[in-house]
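The values are calculated or read from the model by the stated rules, or taken from the named source; none is laboratory data. Given the structure is predicted, the values throughout are model-derived calculations rather than measurements. Backbone-built Cβ (ideal geometry, glycine too); neighbour counts: all protein chains shown. Surface accessibility is based on the protein's heavy atoms, side chains included, excluding ligands, DNA and RNA. Shrake-Rupley method; radii C 1.70, N 1.55, O 1.52, S 1.80 Å.
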Amino acid sequence: MSLSLADCIHLDAADPAHTDLAAAAECFDPGTPGTLYFDANSIGPMPRSAPQKMQSVLHAGWAQARRRSWNELDWLAQPRALGASIAHLIGAEADDVRVGDSTSVNQYKLLRYALSVAAPRRVIVLERQVFPSNRYVAECIAHDRLADLRFISDISELPAALAPGDVAVVALSHVDYRSSTRLDMAALAPMMEQAGALSLWDLSHSAGAVAVALRACKADLAVGCGYKYLCGGPGAPAFVYVHPRWADAAWPAIGGWMGHADTFAFEPDYRPGQGLDRLLVGTPAALANVAFSAAAEIWRGVDPQAMDSRHRSLTNTLIALFEEQCGDSGLRLSSPRDHAQRGGHVALQFAGAAPLAQALVAHGVVVSSRKPDALRWGVHPLTTTHRQLWQAVQILRDLLQSGAWQDPRFAQASV
Ligand SMILES: Cc1ncc(COP(=O)(O)O)c(C=O)c1O
């Protein structure tokens, strides 16, 4: 039997995880009234407390306290404090995670770190279709003759890529940015360990959407975006994770003063900081970190299993609605059906994905598309409701049935 609006409303009320998460959901700004947001895979919702926090840091911190803020406020402690607040979401301990720099920069830092740890091995295994920035970073390392690259087209090729016994690190997207396919970390990380290679996971499309178990899987290294599901704000700093067995194992590729063993001693020579602190580089982005701290406060109270089960309910409902309401419109589900194999968003394959996404946005449904034909629906486990899914799919169905999405005004490319 097909899902009705009443069923969706009932799911919002009955979902046991929803009760636990309701308080967290209330902490977010709902955005423009009438707009339905499915862009958490790109930029997550804003915590209601963020504007007040920003006002306060601008006035009390920047305008008034000025340089005294570094002592009087928590600006220097933020990279560690923010990391500790989100660690449970990715199955890490508080001290395993730091926040700072961008995902691309952290990818560079960790690839170089892995190459140092695993020397004299020098092969980086990469997915051919990885998020381009991760590939570019690795190509530049290889261009400097610091590594050799070996590409796999599909995860089934990993055993063969590991077989020569020369792999230093395997860099994988935990969740594919187009299809939302989630790799089986519990099965793959031990495979890499057995082959003597480190595993480096990009969690950008899983952290803050589904529960991740880095420590339990014995994953070695991870990075991820702060501005997507984690709701750190536009351009928020990224996070970096190192399993404690490697935290003191090598020098960092970029030895900045914030990663020095005694930053304010201003010693002439570099000494790596304690553990993961060595991966810090320069002055923390205090304003961006204050914005991130609004979400971090919320995340501290979120049970990752409750978050995961609510995300499962939401995305399963969304897939059912797509198939029931738009099944005959040429849309094809490109994400896996099993939630355990899916990340934060649900992707549909549609030849006119880009203009359809534009049409949806113009009708108040904020989705995104990726070339050549992916239509992405980023579902946030704290703020998306089943009722919103129903409303959005009605708009999708109307656009498809009327053909209105083919209007020339939706043909212009957008980000
Ligand atoms: C999977 C993945 N990795 C890396 C990045 C790049 O992140 P940053 O811009 O923080 O370097 C993105 C950006 O969307 C991404 O989706």
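A few notes on this one:
- Relative contact order for the chain: 22 percent, from Cα pairs under 8 Å spaced at least 6 residues apart, divided by residue count.
- Helix-derived mean residue ellipticity, 222 nm - over the chain, DSSP H n ≥ 4, -39500 (n - 2.57), to 500: -11000 deg cm²/dmol
- Equivalent ellipsoid, segment 1-142 (semi-axes from 5 times Cα gyration tensor eigenvalues, Å): 35, 29, 16
- Cα-based radius of gyration of segment 74-299 once divided by 2.2 N^0.38 Å, which approximates compact folds: 0.96
- Fraction of accessible area attributable to carbon and sulfur, segment 141-293 (%, probe 1.4 Å): 56
- Per-residue packing, averaged as other Cβ atoms within 10 Å, sorts the ranges 359-366, 138-145, 207-214 into the order 207-214, 359-366, 138-145, beginning with the highest.
- In this label model, Arg67 and Ser402 are separated by 6.2 nm, measuring between points 7 Å along each Cα→Cβ vector.
- Check: segment 74-299 dipole with +1 on Lys, Arg Cβ and -1 on Asp, Glu Cβ, in debye: 280
- Translational D in µm²/s for the chain (Stokes-Einstein at 4 °C, 1.567 mPa s, Kirkwood Rh from C-alpha pairs): 58
- Between His363 and Glu323, the contour length at 0.36 nm per residue exceeds the Cα-Cα span by 12.3 nm.
- Here segment 281-338 is treated with +1 on each Lys and Arg Cβ and -1 on each Asp and Glu Cβ, and its dipole about the Cα centre works out to around 160 debye.
- If you plug the beta carbon distance of His59 and Glu297 into 1/(1 + (r/R0)^6) with R0 = 25 Å, you get a FRET efficiency near 0.80.
- Projecting the Cα atoms of Leu279, Gly327, Leu221 onto the charge dipole of the chain (Cβ charges, centred on the Cα centre) puts Leu279 farthest toward the positive pole.
- Per-residue ³J(HN,Hα) for segment 135-146, Karplus 6.51 cos²θ - 1.76 cosθ + 1.60, θ = phi - 60°, Hz, x for Gly and Pro: 5, 4, 4, 5, 4, 5, 5, 5, 4, 7, 6, 9
- A Förster radius of 60 Å, combined with the Cβ-Cβ distance separating Asp262 from Ser414, puts the computed FRET efficiency at roughly 0.80.
- Sparse-neighbour loop sites [GluC sites (Glu not before Pro); segment 1-110; at most 14 other C-beta within 10 Å; DSSP]: Glu93
- At full extension, Glu157 and Gln341 could sit 64.4 nm farther apart than now, given 0.36 nm per residue minus the alpha carbon distance.
- D (Stokes-Einstein, µm²/s), Kirkwood Cα radius, segment 96-207, 0.890 mPa s at 25 °C: 175
- Theoretical FRET efficiency, 1/(1+(r/R0)^6), r = Cβ-Cβ of Asp144 and Gln391, R0 56 Å, to 0.05: 0.65
- Using the Cβ of Val97 as centre and a radius below 12 Å, the other residues enclosed give a net charge of -1, where K and R count +1 and D and E count -1.
- The dipole here belongs to the chain: it is taken about the Cα centre, uses +1 on the Cβ of Lys and Arg and -1 on the Cβ of Asp and Glu, and is about 680 debye.
- Take the Cα of Glu193, step 7 Å toward its Cβ, do the same at Gln305, and the gap between the two points is 2.2 nm.
- Estimated distance in nm for a label pair at Thr32 and Asp7, the labels positioned 7 Å out from Cα along Cα-to-Cβ: 3.1
- In the chain, taking the dipole from charged Cβ atoms about the Cα centre, the farthest positive-side position among Gly259, Leu5, Leu360 is held by Gly259.
- Listed residue (Phe151, Ser104, Ala296) projecting farthest to the positive dipole end of the chain, Cβ model: Ser104
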